[in-house]
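Structure, as structure tokens:
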Amino acid sequence: VQLQAFGGGLVQAGGSLRLSCAVSRDITSSAAMGWYRQAPGKERELVAEITRSDGTKYLDSVKGRFTISSDNAKNTIDLQMASVKPEDTAVYYCRLHLWGRFEYWGQGTLVTVSS
């Protein structure tokens, strides 16, 4: 299974950006799919996730600004980012958890927010 993330780049504070993750297989039956990020010198953290059991959840600092969605027909996982802040600067990774120990990660896409 391969995941490829797109959409990163440089954006001004207050602007918007859309990340997309293309998955090489059907995502309909997956246990969870989501976006994580890792800022320089910090640990990777969960940004947003869709889970079969618990629905959708977000990191507190992005609630109301970011929206995660999936397109089962296209096998994509998207993250719409709005009102971005400099502290959103990080490498963003998409993740797909099929079931059990079978999880897969994209290669990461850099988002830089300028103040």
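Annotations
- Length-normalised contact order for segment 29-115 - Cα pairs under 8 Å, 6+ apart - percent: 30 percent
- Stretched out straight at 0.36 nm per residue, the stretch from residue 2 to residue 61 would grow longer than its current Cα-Cα span by 18.3 nm.
- Placing 54, 26 in order of accessible area, with the largest value first and a 1.4 Å probe, yields 54, 26.
- Shape of the chain, Cα gyration tensor, a/c cut at 1.5: prolate
- Formal net charge of residues neighbouring residue 110 (Cβ-Cβ distance under 13 Å; K, R +1; D, E -1): 0
- Relative intensity, log₁₀ I(q)/I(0), of segment 66-115 from a Debye sum that treats every alpha carbon as a point, q = 0.13, 0.16 Å⁻¹: -0.40, -0.59
- Note on segment 47-107 and segment 11-25: Cα centroid distance 10 Å, given to the nearest whole angstrom.
The values are calculated or read from the model by the stated rules, or taken from the named source; none is laboratory data. These numbers come from a predicted model, not from an experiment. Methodologically, a virtual Cβ is constructed for each residue, glycine included, from the backbone with ideal geometry; neighbour enumeration extends over all protein chains shown. Just the protein is used for accessible areas: all its heavy atoms, side chains included, with ligands, DNA and RNA removed. Shrake-Rupley method; radii C 1.70, N 1.55, O 1.52, S 1.80 Å.
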